[in-house]
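A short write-up of the structure that comes next.
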Amino acid sequence: MREQKMIRVLVTGSTVWNDEDAIKRELRKLGRELVIVTGDTPGVDAVAISIASDDGLKFEAMKKNQEDYERYPKEAWKGLNERMLASGIDLVLAFHAEYNVQGKARGTIHAVELAMQSGVEVKVFTC
């Protein structure tokens, strides 16, 4: 019997998102053979970590590092997004109520655009 490959899912989005049910619903659709990769901010990142912990799922919480701050002095999140995607992401789940509002959701849009440029499947949720 072949071992099933773990799906690496980047969960990203708003720092004020608190709809745990939306994130939980989408993660549970994917089954248990997954690794949740997320960043180090409140909102979506924190909710994803909490869900993973509660459900006994594997997760990698990545943090901005010195190189991110040096490369992007006022936007270190760009470096973090690049590193998270470079870690071998199979799917991006992005949650941001203001995704389609001009001037908003810059970090989420950045992650989504990087993923799309790399051919990674992306699903965006605005509510």
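Summary table below
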read-out	value
Some residue of region 53-68 being assigned to a helix (DSSP H, G or I), at pLDDT below 95 and surrounded by 13 or more Cβ atoms within 10 Å (Cβ to Cβ)	yes
Cβ pairs under 6 Å, 6+ apart, first in region 3-28 and more than 18 Å from V112 (Cα to Cα), second open to solvent by 60 Å² or more (accessible area, probe 1.4 Å) and assigned to a loop (DSSP other than H, G, I, E, B)	Q4/E33; M6/E33
Scope region 13-42; condition more than 12 Å from I89 (Cα to Cα) and part of a strand (DSSP E or B); matching residues	G13
Of residues in region 88-108 being out of contact with any strand residue (DSSP E or B) (no Cβ under 7 Å at 6 or more places or on another chain), in contact (Cβ under 8 Å) with a residue 60 or more places away in the chain and among the hydrophobic types (A, V, I, L, M, F, W, C), the one nearest to K78 (Cα to Cα)	A105
Contacts under 6 angstrom Cβ, first residue in region 39-62 being within 16 Å of W77 (Cα to Cα) and free of Cβ contacts under 8 Å to residues at least 60 places away in the same chain, partner aliphatic (A, V, I, L, M) and open to solvent by 60 Å² or more (accessible area, probe 1.4 Å), 6 or more apart	G43/V16
Filter pass, I51 being in contact with a helix residue (DSSP H, G or I) (Cβ under 6 Å, 6 or more places away or on another chain), among the β-branched types (V, I, T) and within 20 Å of H110 (Cα to Cα)	no
Residue count, region 2-52 (criterion: open to solvent by 80 Å² or more (accessible area, probe 1.4 Å) and over 19 Å from N81 (Cβ atoms))	10
Those residues of region 75-87 which are touching a residue at least 24 places away in the same chain (Cβ under 8 Å) and not in a loop (DSSP other than H, G, I, E, B), in sequence order	W77, K78, L80, N81, E82, M84, L85
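The values are calculated or read from the model by the stated rules, or taken from the named source; none is laboratory data. Nothing here was measured: the structure is a model prediction, and the numbers come from that model. Cβ atoms come from the backbone with ideal geometry, glycine included; neighbour counts cover every protein chain shown. What goes into the accessible areas is simple: the full protein's heavy atoms, side chains included, and nothing from ligands, DNA or RNA. Shrake-Rupley method; radii C 1.70, N 1.55, O 1.52, S 1.80 Å.
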